[in-house]
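Below is one structure; the comments refer to it alone.
The values are calculated or read from the model by the stated rules, or taken from the named source; none is laboratory data. Worth saying up front: this structure is predicted, and the values here are computed from it rather than measured. Cβ coordinates were reconstructed from backbone atoms using ideal geometry, including for glycine residues, and neighbour counts include every protein chain displayed. Calculation scope for accessible area: heavy atoms of the full protein, side chains included, ligands and nucleic acids excluded. Shrake-Rupley method; radii C 1.70, N 1.55, O 1.52, S 1.80 Å.
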Amino acid sequence: MSTGLENINTLNTQDDLKKQVYQILETVLDPEVPVLSVVDLGIIRDVQILAPPSGGGGGWGVEVFVTPTYSGCPAIDIINVHIRMALLQHGFKEIRITQLLSPAWTTDWISEAGREKLKAYGIAPPHYRQSVCTPEAFQAEEAIQCPLCQSYNTRLVSQFGSTACKALYQCNDCKEPFDYFKCH
Amino acid sequence: MDTIRLNYILHLADNALILGHRNSEWCGHGPVLEQDIAISNIALDGLGQARNFYQSAATIAGNGATEDSLAYLRDVIDFKNCLLAEVPNGDWAQTILRQFFFSAYQYLLYTKLQQSNDGQLAAIAEKSLKEVSYHLRWSSEWVIRLGDGTEESRTRIGNALEFLWPYTGELCLPAGYELDAASNGYGVDVSSLQSDWHQRVSSVLEEATLAVPETGWMQSGGKQGRHTEHLGYILAEMQYLQRAYPGAEW
């Protein structure tokens, strides 16, 4: 995983280091939607640089605050391992990964760049929050655009898709079934 | 050790785990692929919620307890889930109706638990509520579809209603630790959910053209560890590996 990023030992300020951490995290991809980085996904809530222990011999450390998308997302553990490996490879010594549950993750935190990447990958990106699920049965669906032919003439097949974060749709025009990264 | 708080959190965790485990039994056996995926997703949400609650409980239990030891190394009498969570799946109608009753309860419970003065419980409730909203919507639609469907589907959901109804009384019947949890500000007094639960359930049953059963004699005891004969079989299957090969990982 060579990223061409500077070695952290050449950076001086905590701000520079923090920026560097975000650049490193941009290279850590969601294993289930491998076009999105954990930063695109909006699950990185904060980064704190930990100063080297006094007395020498140590190096910079970092604490990364991560929130899960869904409680049962099976990718949580593997994402944490990938974050740890990427940071170790770039020279950080102590790495803490802390899980934050509140505020609860929402698809509103997916970056604009992430939405474009999803669409190019064939997954319809989530609408913004106004369409979040309510428990009322048979509620009206918002029109979801087909990521292939751009038609809005699509229908919901199932609110639950191949992963917890997606719903199944089908385009009524090009007939292609597709995933919608459902609003959450 | 705060035993009452531990029992309260274990009760929440056990509900999510046991119902999640029951739903996971459908994986690969759903009536159609899309619904197989749906019920498996709902099972996964339950397991995730259970993990969060068990992690929180483990910090109180101390003594080397972990989320895994709490899930895999306790016996039937230690489990505090409602009986409704452990009843067999039966047919699709019975599974759907059980999920609907439970989701309607969890939706109300988690809404209030967001106000808990235990920050971790409030956070888990906030997170879980978003997932339960999907479960409640999905199961409501299925209850209506089956009740107001064909003669066959209507017969099946009617049988499920008759079988499951006596297990619903326990949901809003508080155990001692729930009352203590509520009076200490970190739990919810579930008796305060009763009328809202009944109202939501009645409106969906009516839309499904099903008669709301009279409230008669109700089963209870799960919250105190007095379970049906079914829980032992669930635990035997679920805990086998960790019991036979302690600490096994892969």
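Given the convex hull of the Cα atoms of the range A:8-99, what is a quarter of its surface area in nm²?
Details: hull surface 23.2 nm².
For the Cα atoms of the range A:8-99, the hull's average projected area reads 5.8 nm².
With both partners inside chain A, how many of the DSSP beta bridges are antiparallel, as a percent to the nearest 5?
Among the beta bridges of chain A, antiparallel pairing accounts for roughly 70 percent.
To the nearest 20 debye, what charge dipole does the protein assembly as shown have about its Cα centre, counting +1 at the Cβ of each Lys and Arg and -1 at the Cβ of each Asp and Glu? Can you show the working numbers first?
Numbers: 31 positive and 51 negative charges, 103 e Å.
Value, rounded to 20: 500 debye.
Can you give the Rg/Rh ratio of the range B:176-233, where Rg is from the C-alpha atoms and Rh is the Kirkwood radius? Walk me through the numbers on the way to the answer.
Working: Rg = 15.4 Å, Rh = 14.2 Å.
With Rh from the inverse mean 1/r over Cα pairs, Rg/Rh is 1.08.
Provide the solvent-accessible area of B:Glu207, counting protein heavy atoms only and rolling a 1.4 Å probe, rounded to the nearest 10 Å².
Around 110 Å² of this residue is reachable by solvent.
Any idea of A:Thr69's accessible area? Nearest 10 Å², probe 1.4 Å.
Approximately 20 Å² for this residue.
Within the range B:71-89, name every residue whose backbone N is under 11 Å away from a label modeled 7 Å from Cα of B:Glu237 along the Cβ vector.
It comes to B:88-89, nothing else.
Considering every Cα-Cα pair within the protein assembly as shown, what fraction, in whole percent, is farther apart than 28 Å?
Details: 50644 of 93961 pairs.
The calculated P(r) of the protein assembly as shown puts 54 percent of pairs beyond 28 Å.
Could you identify which residue out of A:Asp40, A:Asp16, A:Asp30 has the top mean-square fluctuation in a GNM of chain A using Cα springs shorter than 10 Å?
Comparing A:Asp40, A:Asp16, A:Asp30 in the GNM, the peak value goes to A:Asp16.
Tell me, what % of the accessible area of the range A:8-99 is carbon and sulfur with a 1.4 angstrom probe? Could the numbers behind the result be given before it?
On the way: 2100 of 4100 Å².
The nonpolar share, carbon plus sulfur, comes to 51 percent.
Once Lys and Arg get +1 and Asp and Glu get -1 on their Cβ, which of A:Tyr128, B:Ala50, A:Thr13 lies farthest toward the positive end of the dipole of the protein assembly as shown?
Most positive-ward Cα: A:Thr13.
Got a sec? What order do B:Trp26, B:Trp197, A:Trp109, B:Trp250 fall in by accessible area at 1.4 Å, biggest, i.e. largest, first? Let's see the in-between values first.
Values: B:Trp26 30, B:Trp197 10, A:Trp109 70, B:Trp250 255 Å².
Highest to lowest solvent-accessible surface, that is B:Trp250, A:Trp109, B:Trp26, B:Trp197.
Can you flag which of A:Lys166/B:Lys130; A:Lys117/B:Lys130; A:Lys119/B:Lys127; A:Lys19/A:Lys166; B:Lys130/B:Lys223 are past 22 Å Cα-Cα?
Details: A:Lys166/B:Lys130 14 Å; A:Lys117/B:Lys130 25 Å; A:Lys119/B:Lys127 26 Å; A:Lys19/A:Lys166 31 Å; B:Lys130/B:Lys223 25 Å.
Over 22 Å Cα-Cα: A:Lys117/B:Lys130; A:Lys119/B:Lys127; A:Lys19/A:Lys166; B:Lys130/B:Lys223.
Using only helices, what value at 222 nm comes out for chain A when you add -39,500 (n - 2.57) per DSSP H run of length 4 or more and divide by the total residues, to the nearest 500 deg cm²/dmol? Could you put the intermediate results ahead of the total?
Numbers: 4 runs with 40 residues, N = 184.
Here the helix-only value at 222 nm equals -6500 deg cm²/dmol.
For every helix of n ≥ 4 consecutive DSSP H residues, a contribution of -39,500 (n - 2.57) applies; sum these over chain B, divide by its total residues, and give [θ] at 222 nm rounded to the nearest 500 deg cm²/dmol.
Numbers: 10 runs with 163 residues, N = 250.
When only DSSP H runs of four or more count, the value is -21500 deg cm²/dmol.
Average the reciprocal distances over every distinct pair of alpha-carbons in the range A:82-130, invert the result, and give the Kirkwood radius in Å. Working shown, then result.
Numbers: mean 1/r = 0.0734 Å⁻¹.
For the range A:82-130, inverting the mean 1/r across all distinct Cα pairs yields 13.6 Å.
Considering only protein heavy atoms and a 1.4 Å probe, what is the carbon-and-sulfur percentage of the accessible area of the range B:3-244?
Numbers: 4850 of 9370 Å².
Whole-percent figure for carbon plus sulfur exposure: 52.
Ignoring ligands, DNA and RNA and using a 1.4 Å probe, state the total buried accessible area between A and B in Å², rounded to the nearest 100. Write down the numbers at each step before the final one.
Numbers: alone 9960 and 11710 Å², together 18890 Å².
Answer for the A-B pair: about 2800 Å² buried.
Along the principal axes of its C-alpha atoms, what lengths does chain A span, in descending order and rounded to whole Å?
That works out to 66, 33, 24 Å along the principal axes.
Report the antiparallel proportion of the DSSP beta bridges in the protein assembly as shown as a percent, rounded to a multiple of 5. Intermediate results must be reported in sequence, preceding the final value.
Numbers: 16 of 23 bridges.
Expressed as a percentage, antiparallel bridges in the protein assembly as shown total about 70.
Rounded to the nearest whole Å², what accessible area per residue is found for the range B:90-174 with the 1.4 Å probe?
Details: 2730 Å² over 85 residues.
With all protein chains present, the range B:90-174 gives 32 Å² per residue.
Assuming a ≥ b ≥ c are the square roots of the Cα gyration tensor eigenvalues, decide whether the range A:111-181 counts as rounded (a/c under 1.5), prolate (otherwise, with a/b larger than b/c) or oblate. Let's see the in-between values first.
On the way: a/c = 1.59, a/b = 1.16, b/c = 1.37.
Here the range A:111-181 falls in the oblate category.
Binning at 5 angstrom from zero up to the longest distance, how are the C-alpha pair distances of chain B distributed in percent?
1, 6, 14, 19, 20, 17, 12, 7, 3, 1, 0, 0
If you fit an axis through the alpha-carbon atoms of helix B:151-164 and take the longest principal axis of the Cα set of chain B, what angle between them do you get, 0 to 90°, nearest 10?
In chain B, helix B:151-164 runs at an angle near 40 degrees to the longest axis.
Distance in nm between label sites at B:Asp189 and A:Gln89, each 7 Å beyond Cα in the beta-carbon direction?
Rounded to a tenth, the inter-label distance reads 5.7 nm.
Per residue of B:43-50, what is the mean number of Cβ atoms on other protein chains within 10 angstrom of that residue's Cβ? Please report the intermediate quantities before stating the final value.
Working: counts 1, 8, 6, 2, 3, 8, 3, 2.
Whole-number average of other-chain Cβ neighbours for B:43-50 is 4.
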